[in-house]
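Asker: Sharing a structure below in structure tokens format, with a few things to ask.
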Ligand code: RRO
């Protein structure tokens, strides 16, 4: 069979956005632009989701910001970024030139700040195919005020992001038992899809210094350690809202992991922590997914999406 191209149609639809395949990068793990372009063909991925951008430049949290954990990683980057305007001018052109479909992730401390970031994206070039509204960063100073833990606040930030004038995806939190309610609130406010989910709240304590290891103390846990949590979160969301497109994220490191998310109900997946260990991971997972489908006679993703629900 050497040389034969697999006859698999991997195209997928996330709301109004059609993607050539379901393997995307996860926000915060692929930089702001074409950082990964030396390692893989960004145009070959479903889309590139950039690190969350604020309307203004933002310094982020004190070091250390990342720490390896068993089967995963803890981070408290603290939303560092150049701001939307600088990104549009200095980073996006090189990324757009790769031919990649770009998803701009935005964040704010207030609803107005989300609106401002979205407004600045209104004139972005058409390569920016969607906006991911990051309602769920665990590393804000006031965790009790996390937007994605309130249906009212989730709806407010999704609504504010309408100013970008493109499809909105809401990135939700796994740290609330009310995830399906948050997803419903996001959709009622205009989100075309939900990204499920962000990192799990965690902490590592240094036994020598006897103090929390990350500069900011607490952080977000990612990687294979959280995959069963993320798969369950996708399954719950699909069960409650079968019509809502879901982008699954949390510890995808192989084609089989991606298939697991599709079976739970995701229309696409994002690869994050695996990219830190191997910058080619998204491309490898995409290639292996095509082979996985081909070997099992799976011709389109409709044969997989949501099938675990019976
Ligand atoms: O920058 C971060 O610390 C960060 C963000 Br914005 C997020 O959404 N999730 C995460 O684990 N870290």
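Asker: For an R0 of 22 angstrom, estimate the FRET efficiency from the Cβ-Cβ distance between residue 109 and residue 188 and round to the nearest 0.05. Intermediate results must be reported in sequence, preceding the final value.
Answerer: Details: r = 23 Å, r/R0 = 1.06.
The formula returns an efficiency of 0.40 here.
Asker: Report D for the stretch 221-282 in µm² per second (integer): Stokes-Einstein, Kirkwood Rh on Cα pairs, 10 °C, 1.306 mPa s. Could you put the intermediate results ahead of the total?
Answerer: Working: Rh = 11.5 Å.
Rounded, D is 139 µm²/s.
Asker: Once you keep just the Cα pairs under 8 angstrom separated by 6 or more residues, what percentage relative contact order results for the chain?
Answerer: Values: 737 pairs, mean separation 63.4, N = 310.
So the answer I get is 20 percent.
Asker: Find the all-direction average of the projected area of the Cα convex hull for the chain, expressing the result in square nanometres with one decimal place.
Answerer: Working: hull surface 61.7 nm².
The directionally averaged projection comes out at 15.4 nm².
Asker: Still on this structure, I have one more. Would you mind checking the radius of gyration and Dmax of the stretch 1-101 based on alpha-carbon positions, in Å?
Answerer: 16.6, 53
Asker: Next question, about the same structure. Over the stretch 51-137, with a single point scatterer placed on each C-alpha, what log10 of the ratio I(q)/I(0) does the Debye formula yield at q = 0.13, 0.17, 0.18, 0.19 1/Å?
Answerer: Results for the stretch 51-137 at q = 0.13, 0.17, 0.18, 0.19 Å⁻¹ read -0.47, -0.75, -0.81, -0.88.
Asker: For the stretch 132-218, what D do you get in µm² per second when you plug the Kirkwood radius from alpha-carbon pairs into Stokes-Einstein at 37 °C and 0.692 mPa s?
Answerer: Working: Rh = 13.7 Å.
Roughly 240 µm²/s, to the nearest whole number.
Asker: Suppose each label sits 7 Å from its Cα in the direction of the beta carbon; what would the residue 287-residue 303 distance come out to in nanometres?
Answerer: 2.3
Asker: A follow-up question, please. If you take every DSSP beta bridge whose two residues both sit in the stretch 144-222, what share of them, in percent to the nearest 5, is antiparallel? Display every interim value, and only then the final one.
Answerer: On the way: 7 of 11 bridges.
Roughly 65 percent of the beta bridges in the stretch 144-222 run antiparallel, per DSSP.
Asker: Take the Cα radius of gyration of the stretch 156-298 and divide it by 2.2 N^0.38 Å, with N its residue count; two decimals is plenty.
Answerer: On the way: Rg = 16.8 Å, N = 143, 2.2 N^0.38 = 14.5 Å.
Here the Cα radius of gyration is 1.16 times the empirical estimate.
Asker: How far is the Cα center of the stretch 53-72 from the Cα center of the stretch 114-154, in Å?
Answerer: A separation of 17 Å, based on Cα centres.
Asker: What FRET efficiency comes out for residue 232 versus residue 294 if R0 is 35 angstrom and r is the Cβ-Cβ distance? Round to the nearest 0.05. Before the final figure, lay out each step's value.
Answerer: Values: r = 29 Å, r/R0 = 0.82.
Plugging the Cβ-Cβ distance into 1/(1 + (r/R0)^6) gives 0.75.
Asker: By how many nm would the segment from residue 210 to residue 140 lengthen if fully extended, with 0.36 nm per residue of separation less the alpha-carbon distance? The partial results should precede the final answer.
Answerer: On the way: separation 70, 0.36 × 70 = 25.20 nm, distance 2.36 nm.
My answer for the length gained is 22.8 nm.
Asker: Would you mind computing the Rg to Rh ratio of the stretch 92-155 from its alpha-carbon coordinates, Kirkwood style for Rh?
Answerer: Rounded to two decimals, Rg/Rh equals 1.05.
Asker: Next up: For n ≥ 4 DSSP H runs only, could you compute -39500 (n - 2.57) per run for the chain, divide by its residues and tell me the 222 nm figure to the nearest 500?
Answerer: On the way: 8 runs with 80 residues, N = 310.
Mean residue ellipticity at 222 nm (helix-derived): -7500 deg cm²/dmol.
Asker: If you don't mind, there's one more thing I want to ask. Can you sort 209, 222, 27 so the residue with the fewest Cβ neighbours within 10 Å comes first? Each step should come with its number before you reach the end.
Answerer: On the way: 209 8, 222 29, 27 26.
Going from least to most buried by this count: 209, 27, 222.
Since every read-out is calculated from the coordinates, none of them should be taken as a lab result. On a predicted model such as this, the values are computed, not experimentally measured, just so you know. Note that each Cβ is placed from the backbone with ideal geometry, even for glycine, and that neighbours are counted across all protein chains shown.
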